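The values are calculated or read from the model by the stated rules, or taken from the named source; none is laboratory data. In this text the structure is predicted, and so the values were computed from the model without any measurement. So basically every Cβ, Gly included, is an ideal-geometry build from the backbone, and we count neighbours across all protein chains shown.
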């Protein structure tokens, strides 16, 4: 199934009521001010946020109204994702993975390696989608991932 088909399928399921939003699970690497994770939590979506900097998480809660009813993992996403991916019971856990680690300057290289992306893929439920937020074209990254 292509990404376009997956997105259309999701949109169709949402509009028809076949997809229960409250049963969705999201893994979000990178927090920023927490706008996207906050919106997901507000819609009742089970959201896990992986953020390396505890101050970023604290400020998102304190100053940007990130709801508290999410799973916060204050840890390096590379090691946390690797640990989850190696645990068979964690594989196929998430319906959506949002990879948003853009810093405004350079992206952390370790978060865009083939190994890391393969670990994210291991966490993805069948029919799930990985969304990568990046200011640069992803064509070279996707070409590498297909090899």
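Of the residues that sit in region 130-141 and are within 17 Å of residue 101 (Cα to Cα) and outside any loop (DSSP other than H, G, I, E, B), which one is modelled with the lowest pLDDT? If you could, list the steps in order and put the result at the bottom.
Applying the first criterion (within 17 Å of residue 101 (Cα to Cα)) to region 130-141 yields 130-138, 141.
Filter once more, so that each one left must be outside any loop (DSSP other than H, G, I, E, B): 130-132, 141.
On the way: 130: 89, 131: 87, 132: 84, 141: 55.
Ranking the qualifying residues of region 130-141, first place goes to 141.
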For this session: Determine if region 27-34 includes at least one residue that is more than 16 Å from residue 133 (Cβ to Cβ) and modelled with pLDDT of 80 or more.
Result: no
For this session: Just give me the residues in region 92-116 being surrounded by fewer than 16 Cβ atoms within 10 Å (Cβ to Cβ) and in a helix (DSSP H, G or I), in sequence order.
Result: 109, 110, 114, 115
Problem set entry | Check on residue 127, under 24 Å from residue 23 (Cβ atoms), under 14 Å from the mean Cα position of the chain (by Cα) and outside any loop (DSSP other than H, G, I, E, B) | no
Seminar exercise, completed: Of the residues in region 55-68, those that are surrounded by fewer than 18 Cβ atoms within 10 Å (Cβ to Cβ) and assigned to a loop (DSSP other than H, G, I, E, B) come to 64, 65, 67, 68
Problem set entry | Within region 37-54, considering residues that are surrounded by fewer than 18 Cβ atoms within 10 Å (Cβ to Cβ) and assigned to a loop (DSSP other than H, G, I, E, B), the one modelled with the highest pLDDT | 53
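Taking region 69-91, which residues are in contact with a helix residue (DSSP H, G or I) (Cβ under 7 Å, 6 or more places away or on another chain) and outside any helix (DSSP H, G or I)?
Listed by number, the residues that qualify are 69, 70, 72, 73, 74, 91.
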